Amino acid sequence: MWRRRPAGGLAPRTEQKTAGGTPAPQNEWDNVFTRPAGYDSVMAQQFKSGYVAIVGRPNAGKSTLVNRIVGQKVAIVTSRPQTTRNRIQGIVNRENAQIVLIDTPGLHRPESALGRQMMGEVEAAIEAVDIVALLLDASEDFGQGDRRAVDRLLRVESKRFLLLNKIDRLPRAELLPMIEKLSKMGKFDEIIPISALKGDGVERLLEKIIEYLPEGTPQFPVDQYTDQPERFLAAEIVREKAMESTTQEVPHAVAVICDAFDETEKLIRIRATIYVDREGQKGILIGKGGSALKKIGTSARKELETILGTKIFLELYVKVLKNWRENPQIVRQLDWHWQLEQMAGEK
């Protein structure tokens, strides 16, 4: 599980002191949940804690929103639709609340084993959460896919938020009529216009989320900002770079599994395999003299070093696994929850 790491490495930070001799905060997170005297007996009932599922059609901006609110990259983002394939939790800590955001694959009609698993991930995310927030792209015309997404939101029993994203691309004069039209489609607890990319309206969204969450205690430590293992992050970052560097059918044919993740005090050694459907796709990913694969590896390594705060040695391989998207057993192996279960069983 990822925790906030000190910049420059994995070693514990050296405590600094203020001029008065008291310990100085290392960053904005160190003093979250600092509790005044009498907190447990008087204030505990006012603390909010809960889960929020972020759903929407492909490319609505779900992962961008989760990353912005968490303040850390926990989900990869590309211009390709259906980039997110698994449920990804991002944990947000405030002095009066802990919010667990669940990023989900884009809502679509599945035509493969991969698509069916992705839709299963969405349904699993919607179950037993406190709030379901549907993201709509306000810069695009409202179509049948959006209508189906709204209808799905209206069937949930949790609190319902309708979020109009990408308002930075929309003339202000068009926003109010859009809100009025959508409000007539059903009962929403909140309709909130935002820009996940620019940050407009996001703080108000957070305030509303906290307002609707139930009272409770934190579910995760304050320094943890996702429930994913770091080896899954490594695979996802490699997949992001592979998707960004290719076109046409290749991005959707890419799957990445982290084969080894060996961590030492000064270095993390990662070995990962990129899987594709066909030999031609393999050649595109490798490139002439391995140039394309080297570019993918370099870009992924640099980002992982920034996120994890330590040196990374990244070793990549490319293999063909014909029609893997149609094979439920192979698709299941891409789920990090399944991977963890298998690793636990081997111990």
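Laboratory data are not the source of any read-out in this text; all were calculated from the coordinates shown. These numbers come from a predicted model, not from an experiment. Cβ: placed from backbone, ideal geometry, glycine included. Neighbour counts: every protein chain shown.
Which residues among segment 159-188 fall inside the zone where the amide N is under 19 Å from a point 7 Å beyond the Cα of residue 198, along Cα→Cβ?
In segment 159-188, the label zone of residue 198 (backbone N under 19 Å from the point 7 Å along Cα→Cβ) covers 163-179.
Indicate, rounded to the nearest 5 percent, the antiparallel portion of the DSSP beta bridges found entirely in the chain.
On the way: 19 of 52 bridges.
Among the beta bridges of the chain, antiparallel pairing accounts for roughly 35 percent.
Can you list the lysines whose alpha carbon sits under 21 Å from that of residue 198, skipping same-chain ones fewer than 8 residues off?
Filter leaves 62, 73, 166, 208.
Apply the membrane-span-like helix rule to the chain: whole DSSP H runs, Cα extent along the own long axis of at least 27 Å, mean Kyte-Doolittle hydropathy at least -0.5. List the helices found. Walk me through the numbers before you get to the answer.
On the way: long enough: none.
What comes out of the filter, once short or polar helices are dropped, is none.
Sticking with the crude label model, points 7 Å out along Cα→Cβ, report the distance from residue 185 to residue 249 in nm, one decimal please.
3.3 nm
Suppose every K and R has +1 on its Cβ and every D and E has -1 on its Cβ; what is the size of the dipole of the chain about the Cα centre, in Debye to the nearest 20?
Working: 51 positive and 47 negative charges, 188 e Å.
Approximately 900 debye in magnitude.
Can you say what percent of the DSSP beta bridges in segment 44-212, counting only those with both residues inside, are antiparallel? Round to 5.
Numbers: 7 of 30 bridges.
In segment 44-212, DSSP labels about 25 percent of beta bridges as antiparallel.
Nearest 0.05, what FRET efficiency do residue 94 and residue 306 give at R0 = 35 Å with Cβ-Cβ as r? Walk me through the intermediate numbers first.
Values: r = 25 Å, r/R0 = 0.71.
After rounding, the FRET efficiency stands at 0.90.
Pulled fully out, how much extra length does the chain show between residue 124 and residue 321, if you take 0.36 nm times their separation in residues and subtract their Cα-Cα distance? Kindly include the intermediate steps, with their values, before the conclusion.
Numbers: separation 197, 0.36 × 197 = 70.92 nm, distance 2.76 nm.
That pair, residue 124 and residue 321, stretches by 68.2 nm at full extension.
Based on the alpha-carbon gyration tensor of segment 44-212 and its eigenvalue square roots a ≥ b ≥ c, which shape applies: rounded if a/c is under 1.5, prolate if not and a/b is larger than b/c, or oblate? Write out the running numbers ahead of the final one.
Details: a/c = 1.33, a/b = 1.07, b/c = 1.25.
Here segment 44-212 falls in the rounded category.
Please enumerate, by chain and number, the aspartates and glutamates with C-alpha under 18 Å from the C-alpha of residue 295, excluding those fewer than 8 residues away in the same chain.
Cα-Cα hits under 18 Å: 236, 240, 244, 303, 305, 315.
Can you sort 119, 185, 243 from fewest to most other Cβ atoms within 10 Å of each residue's own Cβ? The partial results should precede the final answer.
On the way: 119 17, 185 14, 243 21.
So the residues, fewest neighbours to most, are 185, 119, 243.
May I ask which residue of 342, 317, 280 lies farthest towards the positive end of the charge dipole of segment 230-346, with charges of +1 (Lys, Arg) and -1 (Asp, Glu) on Cβ and the Cα centre as origin?
Of the options given, the answer is 280.
Can you return the lysines within cross-link range of residue 184? Criterion is Cα-Cα under 19 Å, with same-chain partners fewer than 8 residues away left out.
The reachable lysines, counting only those whose Cα sits under 19 Å from residue 184, are 159.
Using only DSSP helix segments of four residues or longer, with each worth -39500 (n - 2.57), what per-residue ellipticity at 222 nm results for the chain after dividing by its residue count and rounding to 500?
Mean residue ellipticity at 222 nm (helix-derived): -10500 deg cm²/dmol.
Name the residue, out of 155, 269, 57, whose mean-square fluctuation peaks in a Gaussian network model built on the chain with Cα pairs under 10 Å.
Sorting by GNM fluctuation, first place goes to 155.
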